[in-house]
1. Got at least one residue in the stretch B:75-82 being part of a loop (DSSP other than H, G, I, E, B), more than 12 Å from every other protein chain (Cβ to nearest Cβ) and at pLDDT 90 or above?
2. From the set of residues in the stretch A:178-210 that are within 14 Å of chain B (Cβ to nearest Cβ) and assigned to a helix (DSSP H, G or I), which is farthest from residue A:68 (Cα to Cα)?
3. If I filter the stretch B:1-32 down to residues being part of a loop (DSSP other than H, G, I, E, B) and either farther than 24 Å from residue A:22 by Cβ or more than 13 Å from chain A (Cβ to nearest Cβ) (or both), which single residue comes out as modelled with the lowest pLDDT?
4. Can you pull out every residue in the stretch B:33-42 that is surrounded by 14 or more Cβ atoms within 10 Å (Cβ to Cβ) and not in a strand (DSSP E or B)?
5. Restricting to the stretch B:43-75, name every residue that is surrounded by 13 or more Cβ atoms within 10 Å (Cβ to Cβ), within 22 Å of residue A:84 (Cα to Cα) and in contact with a helix residue (DSSP H, G or I) (Cβ under 8 Å, 6 or more places away or on another chain).
6. Select from the stretch A:32-56 the residues that are out of contact with any strand residue (DSSP E or B) (no Cβ under 9 Å at 6 or more places or on another chain) and touching a residue at least 12 places away in the same chain (Cβ under 8 Å) and write down the one among them that is nearest to residue B:64 (Cα to Cα).
7. For the stretch A:281-293, does any single residue satisfy the condition of being within 14 Å of another protein chain (Cβ to nearest Cβ), touching a residue at least 60 places away in the same chain (Cβ under 8 Å), part of a loop (DSSP other than H, G, I, E, B) and closer than 20 Å to residue A:193 by Cα?
8. If you go through the stretch B:49-71 one residue at a time, how many are within 14 Å of chain A (Cβ to nearest Cβ) and in a helix (DSSP H, G or I)?
């Protein structure tokens, strides 16, 4: 049982590894084009940013970013199934994922089963293909198995299942969204703390991505606060560690001070991975510290009603953030807390290059 | 001992390469020769040839995800570990070879 879960985790992460560049590409292009609309006060009837009034290249950028995002559920499901069943997994995976990403109109709202649906259907597709592969076939028919029989026999049930699941899963997303909307301040803080801790815990690993995807899924449902909390939490581990190396030179080796500068750069563009060299060298001190810092950042952002319209974090998304001053305050608070805490609990670096292997 | 290895993590920008470096350093320290293929966000880099794989006594696969082209290693001994164990206890991986 444990081994099976382990395997499925690996399949999921394989899908995630393929989807990350799509999200980064889509996220940044959408963020930039929305930033343009914000900057020049191009607004639609509801006061939201309206890219359709922008010059053609901004509109193109927006469309390209959106397209990368449209592909995201299909790629996720496709490559989960691919990891499980090899090449034949791609057809039902892509089809199921694309269906999951198709918006449904429920009670006048456009929602889709999205990321959650894609994840589920990716696993289903993998299992279905593996089952279909086991059907015994006479030698004569074997050549048509991989190009006709397996794709059709797997795509049909997987696609039909996703079509049937689409509305109920979209309803789950609506319920989740409504629940978040009506959450009391107290539970909002708890949620922000959990998200912050998750974002920092493995710096871009599966736990981080779970929280991140939750934020992204909520953007698709027009709830920007979750991503706002994540966005602030995403950048504080590298920013905080970078600031720490600047504040107290004697605690850090030359190499670490160098990675400190790199971490500051990565923090600014919202790459949590910048903190990894520090966490790898001293996980017991660094990981709890950055988790604490990110919790602070996420909580401040949540309390300040920070909303992030782009599926990306860090200071780079500032132009597309609602309540920008609160966003800056959240990042500063998390960064300073991280830097001061780590410098308080970390002994000075030894003169010899003690931090082996960093 | 002649070894080959593959490293791969979900994001493919940090752990993959750090694990590769650790494996190379540790192998050198313990007197093994090793070639490490990285399967990061840039795809396969420092790719292993089939001849190199056939000449090796074992392959260390340090990965949190399904690796690409695993069929290449079907005929040699495989040691499969998560990426973080290559970062934390690389020497322990090599003791598994004995």
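1. Narrowing the stretch B:75-82 to residues part of a loop (DSSP other than H, G, I, E, B): B:75-76, B:82.
Now drop any that are not more than 12 Å from every other protein chain (Cβ to nearest Cβ), which leaves B:75-76.
Remaining after also requiring at pLDDT 90 or above: B:75-76.
Yes; the residues of the stretch B:75-82 include at least one that is part of a loop (DSSP other than H, G, I, E, B), more than 12 Å from every other protein chain (Cβ to nearest Cβ) and at pLDDT 90 or above.
2. As a first pass, look at the stretch A:178-210 and keep what is within 14 Å of chain B (Cβ to nearest Cβ): A:199, A:201-210.
Then drop every residue that is not assigned to a helix (DSSP H, G or I), which leaves A:199, A:201, A:206-210.
Values: A:199: 23, A:201: 28, A:206: 21, A:207: 23, A:208: 21, A:209: 18, A:210: 20 Å.
Within the stretch A:178-210, the match that is farthest from residue A:68 (Cα to Cα) is A:201.
3. Looking only at the stretch B:1-32, we keep the residues that are part of a loop (DSSP other than H, G, I, E, B), and these are B:1, B:9-14, B:30-32.
With the extra rule that they be either farther than 24 Å from residue A:22 by Cβ or more than 13 Å from chain A (Cβ to nearest Cβ) (or both), the set shrinks to B:1, B:30-32.
Working: B:1: 89, B:30: 93, B:31: 93, B:32: 95.
Restricting to residues being part of a loop (DSSP other than H, G, I, E, B) and either farther than 24 Å from residue A:22 by Cβ or more than 13 Å from chain A (Cβ to nearest Cβ) (or both), the top hit is B:1.
4. So the first thing to find is which residues in the stretch B:33-42 are surrounded by 14 or more Cβ atoms within 10 Å (Cβ to Cβ), and the list is B:34-41.
B:41, the sole residue that qualifies.
5. B:59, B:60, B:61, B:62, B:63, B:64, B:65, B:66, B:72, B:73 - these are the residues of the stretch B:43-75 that are surrounded by 13 or more Cβ atoms within 10 Å (Cβ to Cβ), within 22 Å of residue A:84 (Cα to Cα) and in contact with a helix residue (DSSP H, G or I) (Cβ under 8 Å, 6 or more places away or on another chain).
6. In this case the residue turns out to be A:32.
7. Applying the first criterion (within 14 Å of another protein chain (Cβ to nearest Cβ)) to the stretch A:281-293 yields A:281-284, A:286-287.
Add one more test, that the residue is touching a residue at least 60 places away in the same chain (Cβ under 8 Å), and what stays is A:281-282, A:287.
This time we only want the ones that are part of a loop (DSSP other than H, G, I, E, B), so: A:282.
Filter once more, so that each one left must be closer than 20 Å to residue A:193 by Cα: none.
No; the residues of the stretch A:281-293 include none that is within 14 Å of another protein chain (Cβ to nearest Cβ), touching a residue at least 60 places away in the same chain (Cβ under 8 Å), part of a loop (DSSP other than H, G, I, E, B) and closer than 20 Å to residue A:193 by Cα.
8. So the first thing to find is which residues in the stretch B:49-71 are within 14 Å of chain A (Cβ to nearest Cβ), and the list is B:61-71.
Adding the requirement that they be in a helix (DSSP H, G or I) leaves B:70-71.
Final tally of qualifying residues: 2.
The values are calculated or read from the model by the stated rules, or taken from the named source; none is laboratory data. From a predicted model like this one, the values you see are computed outputs, not experimental measurements. Counting neighbours? That spans all protein chains shown, and the Cβs are built from the backbone with ideal geometry, glycine included.
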